[in-house]
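Here is the structure we will look at.
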Amino acid sequence: MQDIKALSGKQFCPETVKAAIPVLEAMDIIPVDHNYLKDEFEEARLAYYYKDPLTGLYNYRYLEHIISFNEELFGKHYACCYFINLLNFGQYNQQNSWLAGDNLLCNIARKLTQAINDAAIFRVFGDDFLILTEQYIKLDAAMLEANLQIAQFGIELELHELDLQTDKISTINDFSKLINQFINQSKSNRQFDKRGM
């Protein structure tokens, strides 16, 4: 209130200050926790840059960010990585529409999040997913396919496992090379899917 009064005639219209002071003094002003605003801002910024707008999962940019942020700690912090390659998804989109495919991707993302607790899950390259876990967990492709309930849509999955503790991934380049191997396998499978249509 003192600042408003002091700035009357300089920054604020004196008549407005005269009318506003009694109203403002009668109000219960709730202090704002600056950490709350910072957390809200950080969450919004994270969502803008690092969340996939369709599924709400992390995107590949965030994966690159967490690896490059501290390459030395990456292999110590995360125990294992899984790359999920969905097969026949393009075919599903062509037969059922892109909207149906988007809805199915959102459903798959939700089920992945429910099935694998305490994991960072990323949507990468359209219809593929990457999972990072702090503790080693064993995922089974058949069980995961059953949990996701994708067989009824003619979609199968390939599951590639990367043990970050054993494979000694310590730099972004090491990790990128392995991810590129998964991607190349994924692309060759997609080309086969297109030829087989």
Taking the number of other C-beta atoms within 10 Å as the exposure measure, put H77, H160 in order starting with the fewest.
H77, H160
How much length is gained if the chain between N147 and A19 is pulled fully straight, taking 0.36 nm per residue apart and subtracting their Cα-Cα distance, in nm to one decimal?
39.8 nm
How far is the Cα center of the stretch 131-169 from the Cα center of the stretch 80-124, in Å?
12 Å
Treat each spin label as a single point 7 Å out from the Cα along the C-beta direction, and report the L7 to Q181 distance in nm.
6.1 nm
From phi via Karplus (6.51, -1.76, 1.60), per-residue ³J(HN,Hα) for the stretch 83-92 in Hz, x at Gly/Pro
10, 9, 10, 7, 9, 6, 6, x, 5, 4
Ranked from highest to lowest mean number of other Cβ atoms within 10 Å per residue, what is the order of the peptides 50-60, 7-17?
50-60, 7-17
Once both label points are put 7 Å beyond Cα along the C-beta direction, the A79-R45 separation in nm becomes 3.2 nm
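Here, each number is a calculation from the coordinates, and none is a lab measurement. The structure displayed is predicted, hence computed values, not measured ones. In this analysis, Cβ positions are derived from the backbone assuming ideal geometry, glycine residues included, and neighbour counts consider all displayed protein chains.
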